[in-house]
Amino acid sequence: MARVPLFVLVAALSFLAAGCGGGGSNESAQTTQPQGTPPAEWVRTVCGALDDWQTSLQQGAQGLPQQVLQAGSPEDAKKEITNFLDQVVDETQTMVDKVDEAGTPAVGAGQRVRTAVHTRLLKVKAAFENARQQVDSVPTDNPQAFQQQLTQIGQDLAAQGQALGDVLGSANQKPLRDAIQNTEKCQSFNGT
């Protein structure tokens, strides 16, 4: 369970990269400077929000396995997990709000990038909300089924992040790609 926040963070940053795609071939043909947040500032804000989010989730997840193992009953263990996921959903919304505050990156497809990033981060939040709902339906009267279903929920979240983990490198809006490569807080997201 402690690995889930890192994988979902990778997914979030991968979504960022997906939103940065397209429009690269016309970049040099533009005659006016795009309006918005300078690319380096936008990337620093976005990666900073995601990094803070990841750190907070990792810290919260560190004690979760022990809390679940020490729970007096499967119902108590389930409550520990649902409380954690409630916190994750709240922190994810805070992260989305901070990313939104970054504004629109000043690149040719800036508004499209901003919209795509926002939409993708909401999908990450929805994945946690879905996991939270799934935990509600996990049976507590059968310890083996309880463990199997919780393991499956964790694997589903992890698979989402793993499947998208290498997309960040495909960003073809050069100013954003350069800013991602030159921003320390982005390094854990782009595989460098």
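Step through the table entries K79/K125; K78/K98; K98/K123; K78/K125, compare each Cα-Cα distance with 22 Å, and write down the pairs that go over it.
Among K79/K125; K78/K98; K98/K123; K78/K125, the Cα-Cα distance tops 22 Å for K78/K98.
Quick one: pull the percent of accessible area on the stretch 38-138 belonging to carbon and sulfur, 1.4 Å probe, ligands and nucleic acids left out.
C and S atoms contribute 45 percent here.
I need the Debye-formula profile for the stretch 61-118: one equal scatterer per C-alpha, no solvent, reported as log10 I(q)/I(0) at q = 0.14, 0.21, 0.26 1/Å, two decimals.
The Debye formula, applied to the Cα set alone, gives -0.56, -0.77, -0.96.
The values are calculated or read from the model by the stated rules, or taken from the named source; none is laboratory data. The structure displayed is predicted, hence computed values, not measured ones. Heavy atoms of the whole protein, side chains included, go into the accessibility calculation; ligands, DNA and RNA do not. Shrake-Rupley method; radii C 1.70, N 1.55, O 1.52, S 1.80 Å.
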